[in-house]
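**Student:** Just passing along the structure, written as structure tokens.
The values are calculated or read from the model by the stated rules, or taken from the named source; none is laboratory data. The structure displayed is predicted, hence computed values, not measured ones. Quick reminder, even Gly has a Cβ in these numbers, built from the backbone with ideal geometry, and neighbours come from all protein chains shown.
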Amino acid sequence: MSDAVLDRMIGSYMATEQPTYSFGWQGGEPTLMGLDFFRKVIDLQKKHGRKGAVVANGLQTNATLINEDLASHLGNYKFLLGVSLDGPEHIHNHYRITVDGKGSHGRVVRAINRLQRHRVEYNILTLVSTANVNSPAEIYRYLVDRGEHYHQYIPCVEFDEQGQPLPYTITGEQWGEFLWGVFSEWIKEDALRVSIRHFDSILTLVVDGYANVCSLDTNCCQYFVVEHNGDIYPCDFFVRKDLSLGNIMSSSWEEILDSTIYREFGKMKSQWNEQCRNCSFLKYCAGDCQKQRYYGSEDPRTLSWLCDGWKSFYERSLSEFQRLAQKVKQLRSRQPPVTAPVPVPPELPGRNDPCYCGSGRKYKRCHGR
Ligand code: SF4
Ligand code: SF4
């Protein structure tokens, strides 16, 4: 990304009115841009941010290039990282190898230790592929035993041009068994101390009645992707010519927000398959992410590739989520009511820390939203 595109992207976004200015840095591998790039990012956010503006930077990385200097910078500016770790060494190294054919597990773990030393907050992102889908309990226990308390499990679902699943793609049935395997470990005694993104989101839906991740929502107008050349798209899974919304150097955010392509793309999320319409889990699944519905067809009404898995998981887990929701409500009711606006402390908490207002929710899900 050129300096001009970076400056324009940050400047034009920070000229809009937002409670929090959220930037998510993704590649490929964003750390290939190097420390100077991320220094520039902060300089520009300082240059364009108005007094009191709250900025949240997220970065998804395989962590192999995170050295002391980069970790220190990310810690100083409270970046929230998503670090890819697919399980213990023998599992992680199945697909995650470096160009010289060596497994990357050791490098990732050393980078995580570095991040911890520099107090960088991070979540673990575990890609669930054919290499690890049969090991949910082993992966979960490995992460918890390492002290990792923020997990995100991502189903690996990719197809070739003929719509055939690639070798690492898991089936719906496998996904359902994997989720259930993790859930069975988590629910024993970790439910209120280990955060699993998808489980947290279901709980939020049951307790508070809103979707806090796009896959559970009914509309895909959620965020924008700005490519290295300034081209803008509605979602990182849909960087397609026919979904181009403009270019940051020539389009305003108002034009992009109003774009028919963007609005129509958003609405396609709730153009469900007939089976979804009659499905008792529609409220919790919302027909799944559109990405899982495009295989061998361009029709958003195609049933999600993972449908069987979602069904079997919700059938087995929903009553437990409802029980957990009651517990969360009881805990909340014991907290004193908030009667006056809570002053913003001079030092904001980390995004995963409890919110300063005392709600019991994480900062990123409360005043940091
Ligand atoms: S397509 Fe999937 S990832 Fe993209 S905005 Fe929709 S739900 Fe989110
Ligand atoms: S579980 Fe299957 S049928 Fe039900 S809403 Fe999800 S994708 Fe649709």
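**Student:** Please go through segment 243-263 and pick out each residue that is touching a residue at least 40 places away in the same chain (Cβ under 8 Å) and either under 17 Å from residue 17 (Cβ atoms) or part of a loop (DSSP other than H, G, I, E, B) (or both).
**Tutor:** 248, 249, 252, 253 - these are the residues of segment 243-263 that are touching a residue at least 40 places away in the same chain (Cβ under 8 Å) and either under 17 Å from residue 17 (Cβ atoms) or part of a loop (DSSP other than H, G, I, E, B) (or both).
**Student:** While we're looking at this one, here's another question. Are any residues in segment 9-18 surrounded by 17 or more Cβ atoms within 10 Å (Cβ to Cβ) and under 16 Å from residue 39 (Cα atoms), and if so, which ones?
**Tutor:** Within segment 9-18, 9, 10 qualify.
**Student:** Tell me, yes or no, whether segment 92-114 has at least one residue that is under 23 Å from residue 174 (Cβ atoms) and in contact with a Phe, Trp or Tyr (Cβ under 6 Å, 6 or more places away or on another chain).
**Tutor:** no
**Student:** Oh, and also: Look through segment 119-174, keep the residues that are at pLDDT below 95 and assigned to a strand (DSSP E or B), and return whichever of them is surrounded by the fewest Cβ atoms within 10 Å (Cβ to Cβ).
**Tutor:** 159
**Student:** Can you spot a residue in segment 303-315 that is within 16 Å of ligand 2 (Cβ to nearest atom), free of Cβ contacts under 8 Å to residues at least 40 places away in the same chain and over 23 Å from the mean Cα position of the chain (by Cα)?
**Tutor:** For segment 303-315, residues within 16 Å of ligand 2 (Cβ to nearest atom), free of Cβ contacts under 8 Å to residues at least 40 places away in the same chain and over 23 Å from the mean Cα position of the chain (by Cα): present.
**Student:** Looking at segment 251-299 only, could you name the residues that are farther than 30 Å from residue 10 by Cβ and acidic (Asp, Glu)?
**Tutor:** Residues satisfying the conditions are 274, 288, 298, 299.
**Student:** May I ask you to list the residues in segment 280-299 that are touching a residue at least 12 places away in the same chain (Cβ under 8 Å), closer than 19 Å to residue 213 by Cα and either within 15 Å of ligand 1 (Cβ to nearest atom) or charged (D, E, K, R) (or both)?
**Tutor:** Matches in segment 280-299: 283, 284, 285, 286, 287, 288, 289, 290, 291, 292, 293.
**Student:** Return the residue satisfying two criteria in turn: it lies in segment 201-249 and is of a type in the set (Val, Ile, Thr), touching a Lys or Arg at 6+ places or on another chain (Cβ under 8 Å) and within 16 Å of ligand 2 (Cβ to nearest atom), and of such residues it is nearest to residue 154 (Cα to Cα).
**Tutor:** Only one residue fits best here, namely 213.
**Student:** Next question. Looking only at segment 250-279, count every residue that is of a type outside the set (Asp, Glu), touching a Lys or Arg at 6+ places or on another chain (Cβ under 9 Å) and away from ligand 1 (no atom under 16 Å from the Cβ) and tell me the total.
**Tutor:** Result for segment 250-279: 1.
For every residue, the table says whether it meets (1) surrounded by fewer than 17 Cβ atoms within 10 Å (Cβ to Cβ); (2) of a type outside the set (A, V, I, L, M, F, W, C); (3) within 9 Å of ligand 2 (Cβ to nearest atom).
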{"position": "254", "(1), (2), (3)": "yes, yes, no"}
{"position": "259", "(1), (2), (3)": "no, yes, no"}
{"position": "269", "(1), (2), (3)": "no, yes, no"}
{"position": "281", "(1), (2), (3)": "yes, no, yes"}
{"position": "290", "(1), (2), (3)": "no, yes, no"}
{"position": "293", "(1), (2), (3)": "no, yes, yes"}
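**Student:** Okay, moving on. Quick check on my filter: what residues within segment 31-84 are closer than 30 Å to residue 135 by Cα, hydrophobic (A, V, I, L, M, F, W, C) and touching a residue at least 60 places away in the same chain (Cβ under 8 Å)?
**Tutor:** The one that is closer than 30 Å to residue 135 by Cα, hydrophobic (A, V, I, L, M, F, W, C) and touching a residue at least 60 places away in the same chain (Cβ under 8 Å): 80.
**Student:** Looking at (1) out of contact with any helix residue (DSSP H, G or I) (no Cβ under 7 Å at 6 or more places or on another chain); (2) in contact (Cβ under 8 Å) with a residue 40 or more places away in the chain; (3) outside any loop (DSSP other than H, G, I, E, B), can you tell me which one residue 19 breaks?
**Tutor:** Unmet condition: (3).
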